[in-house]
Amino acid sequence: MGRLVGASRGLAVAYAVLAAVLWGTLGVVYRWGEALGASGEWMAAGRPLVPALVAVGLWLSGRGGPSRWSLAVGVILGVFVPVYLWAVRAAGAAVASILLYTAPVWVALASGLAGDRAGVGGLALAGLGSVGAALVAAGEGLGGPGGVGALLGLLSGLLYAAYILAARAAARRGASPVEVGVHSQPVAAVVALALLKPGRPPGVLDAALMLYTGVATMLVPYTLNAMALRAMEAHRVATISLVEPLTATILAWMLLGESLSPAQILGAALVLASAALAARAG
């Protein structure tokens, strides 16, 4: 029995790591795809569009349908998708991914303000993460595109935190994972397309990269993450997910020539440490 439990937890770790690595490729794919002439707008739209097709198929086959929670979560995700693309464009894949991971800190802060057990600890983590985020953002400059990108990266972290809080609220009120995670995608796709406004129909390269972003950065990693959560505590899975910004930073350095200043490296360490502590407290 012990061996089976150990094997199950070992697989859970592998699932969580693979999910994080796949998420970490997103910013690099955006930059690489645009360098090849693909539309960033279509690549970003592919994230909710591909799962939206799955949602429509489930709905037509009678396997659930959208609800008010699907609408709420879908709107948040629909805004998050273009904001993250814009952050990657302006600040780079590494910085955008690091600032995205302020999300657990904002969740801890919201829990503390709401009187949950995070309390003073949540506020302290928010302070630590804010200092780290400020160091990362300051390295981009305040007046140029990098400064705007840093602000967009912080906004993406806030939006992802809002998604986490909305998904938790939905689960506590009886909404199913499919209702929240799948049937929210058509709404997200509509909102994302309205904000992205692709200027032309998708080409062959666009379609191929849309398939990648929809499958490899949405359907597969979220499924793997859900499988990991079946065998391992949520805070451990969330901590393992910090492999995502590490992956993004390494790939951005290797493939795009991006790098961080010493102050930004310190800031990134503070952000990731606060996110890890927030995850363990969750």
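Descriptive notes on the structure:
- Segment 1-94 shape via C-alpha gyration tensor axes, a/c threshold 1.5: oblate
- For segment 26-98, the list of trypsin sites (Lys or Arg not before Pro) that fall in a loop by DSSP and count at most 15 other C-beta atoms within 10 angstrom reads R63.
- Highest-first arrangement of 71-84, 184-197, 201-214, where packing means the average Cβ count within 10 Å: 71-84, 184-197, 201-214
- Exposure proxy order (Cβ contacts within 10 Å, fewest to most) of T239, T223: T223, T239
- Alpha-carbon Rg/Rh ratio, for segment 152-234, with Rh computed the Kirkwood way: 1.01
- Fraction of the pair-distance distribution of segment 164-282 above 17 Å, Cα-Cα pairs, percent: 72 percent
- Cα shape, segment 229-274, gyration tensor, a/c 1.5 rule: oblate
None of the figures in this text is laboratory data; all of them are computed from the coordinates on show. Worth saying up front: this structure is predicted, and the values here are computed from it rather than measured. Ideal geometry is used to build each Cβ from the backbone, glycine not excepted, and the neighbour counts take in all protein chains shown.
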